[in-house]
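Student: To start, I am sharing the structure in question, which I have written as structure tokens.
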Amino acid sequence: MEKKAKAIKITTVLTCIVIFVCTVVLVFQFIKIGNLRDKTESLQAHKTELIEQINNYDQANAYYNNNRQEYLENYAREVLGWGLDGDTWYTIAQ
């Protein structure tokens, strides 16, 4: 009878330890899941920003491809100070 009581005590202690370890692991897993959800939301927001940037670049690229000659002429005149033959240049006196 004493052996049986001792075996029951050992089984009870081991069961409590296993339940405690499982509870601790479960808590850490819930914390990890919460952190991963936050990271997922952050990455979704960043993805949305990147998609918007890609769309803006695509629109700009389409504009420059469709108006390449006009864009280059305006850039050469306004930024580089170049002009076509027959262009008249005016300077503003200060």
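Values in this text are rule-based calculations from the coordinates and carry no lab data. Computed from a predicted structure; not experimentally measured. Here the Cβ positions follow ideal geometry from the backbone for every residue, glycine too, while neighbour counts run over all protein chains shown.
Student: Filter segment 64-89 down to residues that are surrounded by 11 or more Cβ atoms within 10 Å (Cβ to Cβ) and in a loop (DSSP other than H, G, I, E, B) and give me whichever is nearest to the chain's Cα centre (by Cα).
Tutor: 67
Student: Go through segment 9-63 residue by residue and tally those that are hydroxyl-bearing (Ser, Thr, Tyr) and under 15 Å from the mean Cα position of the chain (by Cα).
Tutor: Of the residues in segment 9-63, 3 are hydroxyl-bearing (Ser, Thr, Tyr) and under 15 Å from the mean Cα position of the chain (by Cα).
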